[in-house]
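Inspection log for the structure reproduced underneath, given as structure tokens.
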Amino acid sequence: MAKLYYRYSAMNSGKTTLLLQAAYNYEERGMQVLVLKPAVDTKGGKTIVSRLGLSRQVDVVVGKHDSIPLLISTQLAAGTIKCILVDEAQFLEPAQVDELYWLAVDRNIPVLAYGLRTDFSGKGFPASSRFLELAHELQELKTICRCGRKAVMNGRKVNGEFVLEGDQIAIDDKVSIEYEALCASCWKQLVLLSTQSAKHLAR
């Protein structure tokens with residue numbers, strides 16, 4: 001039986017690069033893959049781009065209310081899909097994670113999903129929580145903080161300042177928004193305590 005894999009990390013761990021490498025490995029052997037990404041991830045349009053500059057057109061853009069099996073019904077009917085790859089998987093809906101799980105189980109198609117575990121405030125994305133519940137295999141991808149320690153949190157900067165308030169999803173293709181992977185200690189100092197202090201001073 002094929003499996004649902006969830007490969008998660010903080011920002012800038014090379015998730016998209018690994019996805020592109022996986023796609024290349026399958027296609028080098030003449031096997032068809034489907035690359036999916038959530039529609040809410042507007043960065044790059046219908047292209048996914050890694051920090052190393054590698055890029056690829058996605059095969060399917062998944063909307064909030066879409067059914068993934070219906071979106072790929074033609075490819076499923078052809079029986080030629082050997083792997084489904086999902087970029088920015090944390091932006092899916094939990095019900096869509098269930099659909100990916102059953103595609104692996106019922107259709108015997110490996111599903112490799114890459115995403116974040118938590119948002120800029122330390123809270124889990126609903127889809128990531130569902131992946132952690134359902135995935136047959138979990139893999140944490142490593143990246144480092146500015147201090148050299150393992151990064152486990154994501155800090156959001158708006159106009160150069162760390163923030164703890166705002167919508168859970170804010171894509172970093174806007175000039176004023178940036179993200180930085182941080183260890184727990186640096187996140188506490190730079191994000192949690194600094195924003196609390198700023199609030200106190202503003203009173």
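Throughout, read-outs are computed from the coordinates displayed, never taken from laboratory work. Computed from a predicted model, the values in this text were never measured in an experiment. Heads up, the Cβs are rebuilt from the backbone with ideal geometry, glycines too, and the neighbour counts pull from every protein chain shown.
Amide H to amide H, which residues 5 or more places from TYR179 or on other chains are under 5 Å from it, using H placed in the peptide plane?
Here LYS157 satisfy the definition.
Under a 5 Å amide H to amide H cut-off, with H placed in plane at 1.01 Å, what residues pair with VAL62 once short-range neighbours are removed?
Those qualifying (amide H under 5 Å, at least 5 residues apart or on another chain) are LYS37, ALA39.
Which residue, chosen from GLY124, LEU71, ALA151, occupies the Cα position most advanced towards the positive end of the dipole of the chain, where the dipole is computed from +1 (Lys, Arg) and -1 (Asp, Glu) charges on Cβ about the Cα centre?
It is ALA151.
Search the structure for amide H atoms under 5 Å from the amide H of LYS3, placed 1.01 Å from N in the peptide plane, and list their residues when 5 or more places away or on another chain.
Placed amide hydrogens put VAL111 under 5 Å from LYS3.
Between 0 and 90 degrees, rounded to the nearest ten: what's the tilt of helix 15-28 against the longest Cα principal axis of the chain?
So the helix axis and the longest Cα principal axis differ by about 20 degrees.
Using θ = phi - 60° and the Karplus relation 6.51 cos²θ - 1.76 cosθ + 1.60, list the HN-Hα couplings for region 121-135 in order, rounded to whole Hz, with x at every Gly or Pro.
In residue order, the calculated couplings are 9, x, 9, x, 6, x, 5, 5, 4, 5, 4, 5, 7, 9, 4 Hz.
So, with +1 on the Cβ of K and R and -1 on the Cβ of D and E, and no other charges, what is the size of the charge dipole of the chain about its Cα centre, to the nearest 20 debye? The partial results should precede the final answer.
Working: 25 positive and 22 negative charges, 136 e Å.
Dipole size: approximately 660 debye.
Once phi is turned into θ = phi - 60°, what whole-Hz ³J(HN,Hα) does the Karplus curve with 6.51, -1.76 and 1.60 give for every residue of region 110-119, x standing for Gly and Pro?
For region 110-119, the Karplus-derived couplings read x, 10, 10, 10, 10, x, 8, 8, 10, 8 Hz, x marking Gly and Pro.
When the chain is fully extended, how far beyond the present Cα-Cα distance does LEU141 get from ARG29, taking 0.36 nm per residue of separation?
On the way: separation 112, 0.36 × 112 = 40.32 nm, distance 2.54 nm.
Full-extension gain reported as 37.8 nm.
Anyone know which of LEU52, LEU190, LEU76 comes out most mobile in the 10 Å Cα GNM of the chain?
Its mean-square fluctuation being the largest, the pick is LEU52.
Cut-off 17 Å, label point 7 angstrom out along Cα-to-Cβ of ALA78: give me the residues of region 27-49 whose amide nitrogen falls inside.
The answer is 27-36, whose backbone nitrogens lie closer than 17 Å to the label point.
Taking LYS157 as the anchor, which lysines have their alpha carbon closer than 28 Å to its alpha carbon, excluding any fewer than eight residues away along the same chain?
LYS15, LYS37, LYS43, LYS46, LYS64, LYS123, LYS142, LYS174, LYS188, LYS199
Residue by residue, what Karplus-based ³J(HN,Hα) values in Hz, rounded to whole numbers, does region 145-158 have, using 6.51, -1.76 and 1.60 with θ = phi - 60° and x for Gly and Pro?
7, 4, 8, x, 7, 5, 7, 10, 10, 10, x, 9, 10, 10
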